[in-house]
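Right, one structure below, let's go through it.
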Amino acid sequence: MSKKHNTGNRNASGVIYSTNPDYAYQADDVPEADTLPPAQQNLKIWLVKQGGNKIVTTVRGFVGTDADLTDLGKQLKAACGAGGSVKDGEVLVQGDHRDKVLTWLTGKGYKAKKAGG
């Protein structure tokens, strides 16, 4: 016999039914921060060594929407001629491209500097 699940009444927190008459569902939606202008961004450029002897240039500290961060990541990857991704609020560029990234960011008006050892 198969089990049927009623997913029609589910909300994001997984609560299907509550016996509490005063229960009120509260959304966990946190509004995204507005993107700061480049001169107000305080970006840090890190070199991270990952498993398998892989080196990744990481840009941290961006304040803004995910769409703007993704756009910045695409532009940085194109400027370096390398692959990479955007995860957890960071731009990851494959390889050691700290100097290229720093030059590109400062040329576009961002406040950026190298960080870490």
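What follows is calculated from the coordinates using simple rules that are stated; it is not laboratory data. Given the structure is predicted, the values throughout are model-derived calculations rather than measurements. Cβ sites come from the backbone with ideal geometry, for glycine too, and all protein chains shown count toward neighbours.
To check my understanding: the extent here is largest minus smallest coordinate of the Cα atoms along each principal axis. What are those three numbers for the range 38-114, in Å, largest first?
Sorted largest first, the three principal extents are 36, 23, 19 Å.
So how do 69-78, 55-64, 42-51 stack up, highest first, on mean other-Cβ count within 10 Å? Could the numbers behind the result be given before it?
Working: 69-78: 16.8, 55-64: 19.1, 42-51: 14.1.
Final packing ranking: 55-64, 69-78, 42-51.
Work out the length of the dipole vector of the range 38-114 about its Cα centre, built from +1 on the beta-carbon of each Lys and Arg and -1 on the beta-carbon of each Asp and Glu, and round it to the nearest 20 debye. Please report the intermediate quantities before stating the final value.
Values: 13 positive and 7 negative charges, 61 e Å.
In debye, rounded to 20, the range 38-114 gives about 300.
Which lysines have a Cα lying under 26 Å from the Cα of K74, excluding residues fewer than 8 positions away in the same chain?
Partners found: K44, K49, K54, K87, K100, K108, K111, K113, K114.
Roughly what % antiparallel, to the nearest 5, for the DSSP beta bridges in the range 38-114?
75 percent
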